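What follows is a single structure, written as structure tokens, with notes after it.
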Amino acid sequence: MIATLLAGLLAFGPADPVLPVSATCVDAAADTVAIGRETSRGWVIETSTADGPWLRVIGPIKREYDRICPRLSAAADGTAVVVSFSEFGDDEHQLAVRRPGGTFGTPTVLRSSIPVTTAAARGGRVAVLYRTGRTGSPTLLQLPPDGPPSRVAVPSAADGELFSLAPDGSTTLGAAPDGSFPIAMDASGRQLRGAFSEDGLRVQVGAEPPALVAPVYETYGVIGALAEDGAAVVIYHDQQRGLMAVDRAAGGAWSAPHPLPRGSSDDLLGMGIEPPSIPARVDIASSGRVVVAWDLADNGANVAVTGQAGGVWGRTAVLSSPSRQPGWPVVTGDRVLWIEPDSAHGPGPLRGARVGAPAPVDTRAPVYTLKLPPQVKATRKGHATIPFTVRCDEACDVFFDTEDPVDGYVARSLAAGERRTLRFRNRSAYVSGTHRVRFKLVVSDRAGNAHRRTVRVRVRVP
């Protein structure tokens, strides 16, 4: 049933990277993808352009308890800047720049007490917003394609805020005196700006007059995208109605606010959307095609929708496997990318979907075999390791957990016919005796067909 429903919803088909890779975090811009992953020598950041080979750009960086992730900005002509940042806010970052037609250069160290914000523009221009020290003013570092870098102190109000960089080198940081703030910028440097007023959200494209587009009273964030022909979209989170969109075709009027469509099945797509720190990711093409991706916090699925700015929008597509807890999706062009971790906060395969890619037509759930021990012996501290062996007749994903956040979960991707023994480390502390413990098992394929069952294993504690 789920596959039949998905066939009607999907505007996207699976389009994983040509060269598979396991990673912990991902970012993407233009045709470049950046990942962070841990090696035996430390954390590295690697990039792939146009589905080419993965090349190490930054690292290895030694971190004992932290993970290193990329933040990437790129322009269509190949200009790009990638910076490393740590999960726990370490002050030391590494920065690498790529000019048009070139490769990423040797990384340089940048110390910043705030998350580094980057921008790239056509012609080889890149800029970085950072701050040294806990009380110092933010600094804008510009790295032109020729000539020395420049540093300019900027108002504290711009600390950590979105900023834009035009091909001529001009920048706009944070809110303007009129209270407007940058939402997006096209490749020529023209801006899409927003401002909150007493009657709602007003937006302005370039020098056009501002337009009232939504009666927003409480919002968790505003993002948007602007094409060079003037087509635009703005996504915001309304506290009462969830994620909303307003959009316009090139030269057209703004649409009325409309909720991002969630499909026709609340069981599949969830009853509501919890407000994430970044409500969604969005991109727009010069043709006016919009791609928006976000996660459903209530059931963990990554979803996406495509629409025509100023026109018709499709229905929401579920992208991630039912056997996975995916990481945040990122959007670049007509492509959505995300990580499917093999364990809580761990690495996992990088997955992708693309607008118009062939959607799976399979309607049959994988046929699988499962072998579990009838009983396992726990340690004296009451911890147990549960081995289980799974085999699927087709490529599948396997998910196993106790629904206890202390224990986390284990998930893996299996090839067709592959038999693999996985081990789930149950860290719950059981007292002496024998306990019958319930575990949740989900086995699914990329078409969304899934088996779900509860299994029980006896745990004996000395």
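Data overview
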quantity	calculated
Accessible area per residue in Å² at 1.4 Å probe, computed on the chain	45
Rel. contact order, % - alpha carbon contacts under 8 angstrom, at least six apart, the chain	12
Modelled FRET efficiency - R0 51 Å, Thr106 with Ala250, Cβ distances, 0.05 increments	0.75
Highest average packing first - 318-327, 249-258, 305-314, Cβ atoms within 10 Å	318-327, 305-314, 249-258
Under 29 Å between alpha carbons - lysine pairs in the chain that sit 8 or more apart or on different chains	4
Prolate/oblate/rounded call for the stretch 349-390, Cα gyration tensor, a/c under 1.5 rounded	oblate
Diffusion coefficient, µm² s⁻¹, Stokes-Einstein with Kirkwood Rh over alpha-carbon pairs of the chain at 20 °C and 1.002 mPa s	90
Amide hydrogen neighbours beyond the local backbone of Ala378, cut-off 5 Å, H modeled	Arg460, Val461
Under 5 Å, built H, 5+ apart or other chain: amide partners of Ala344	Tyr409
Fraction of alpha-carbon pairs over 17 Å apart in the stretch 59-101 - percent	37
Magnitude of the charge dipole, the chain, Cβ model with Lys/Arg +1 and Asp/Glu -1, debye to 20	2280
For Glu394, residues with placed amide H under 5 Å, excluding near neighbours	Val367, Gly417
Portion, in percent, of the accessible area of the chain that falls on carbon or sulfur, probe 1.4 Å	51
Evaluated at q = 0.12, 0.14, 0.16, 0.17 Å⁻¹: base-10 log I(q)/I(0), Debye formula over Cα of the stretch 356-462	-0.45, -0.58, -0.71, -0.78
Per-residue ³J(HN,Hα) for the stretch 96-108, Karplus 6.51 cos²θ - 1.76 cosθ + 1.60, θ = phi - 60°, Hz, x for Gly and Pro	10, 10, 10, 8, x, x, x, 10, 5, x, 4, x, 10
Percent RCO, i.e. relative contact order, over the stretch 60-119, from Cα pairs under 8 Å lying at least 6 residues apart	30
Residue-by-residue Karplus 3J(HN,Hα) for the stretch 27-37, coefficients 6.51, -1.76, 1.60, Hz, glycine and proline x	9, 8, 7, 6, 9, 10, 10, 10, 10, x, 8
Note, ³J(HN,Hα) from phi for the stretch 195-200, Karplus 6.51, -1.76, 1.60, rounded to Hz, x at Gly and Pro	7, 9, 10, 4, 9, x
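The values are calculated or read from the model by the stated rules, or taken from the named source; none is laboratory data. From a predicted model like this one, the values you see are computed outputs, not experimental measurements. When we count neighbours, we look across all protein chains shown, and the Cβ atoms used for this are built from the backbone with ideal geometry, even at glycine. These accessible areas exclude ligands, DNA and RNA; they are computed on the full protein's heavy atoms, side chains included. Shrake-Rupley method; radii C 1.70, N 1.55, O 1.52, S 1.80 Å.
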